[in-house]
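Take a look at the structure below.
Where a number appears in this text, it was derived from the coordinates with a stated rule and is not lab data. These numbers come from a predicted model, not from an experiment. Cβ sites come from the backbone with ideal geometry, for glycine too, and all protein chains shown count toward neighbours.
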Amino acid sequence: MTQQQLLLLAVIAALLALLSFVIIIFIKRGNRPGPLDEMEGHEFEEFCANLLQASGFEDVEVTKGSRDFGIDILARKGGVSYGLQCKHYASPVGVKAVQEVYAGRDYYDCMVGVVMTNQYFTQPAEEAAAKLKILLWDRDDLEDMMEETEQPFTLPD
């Protein structure tokens with residue numbers, strides 16, 4: 001083989017490695033459609049409420065659809081009150097959701113504020129959540145919760 005052919009093979013191998021890396025990142029960052037992505041917004045809220053109940057939360061209540069002050073679900077676990085917002089998005093969730101839960105947590109006198117999503121979070125959302133002490137539960141957390149429930153937990157049809 002000539003030096004040009006070896007160089008061409010090296011470039012092709014590097015491009016294939018880069019493509020593989022991009023595909024892996026694409027999959028890990030939530031761009032993989034699945035059952036969690038096929039629900040409508042209110043249906044996702046009901047799914048999250050059912051998942052919380054199956055995970056040992058008590059007094060799980062879905063708030064009214066509009067004017068919920070940033071909280072979609074109220075729940076308790078181990079004497080701790082939670083105010084949760086459910087974001088069913090096609091792309092990463094931004095800082096606005098964190099701000100809404102921060103305000104809603106106080107409005108409902110909850111000890112813990114949580115944003116749950118079928119996606120992942122932007123870096124600014126993660127930074128704001130850390131500063132404001134808001135929990136972020138992404139699709140990996142939801143899938144883990146589904147696996148950990150005592151009874152088999154399935155997605156709605």
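Worth a mention:
- Cα centroid separation, the range 53-105 to the range 116-152: 11 Å.
- Sparsely packed loop sites in the range 66-150 (the GluC sites (Glu not before Pro) outside DSSP H, G, I, E and B with at most 15 other Cβ atoms within 10 Å) comprise 150.
- Sites residue 16 and residue 144, calculated FRET efficiency, Cβ-Cβ separation with R0 41 Å, nearest 0.05: 0.80
- Per DSSP, loop trypsin sites (Lys or Arg not before Pro) in the range 45-137 with at most 10 further Cβ within 10 Å: 64, 67, 133
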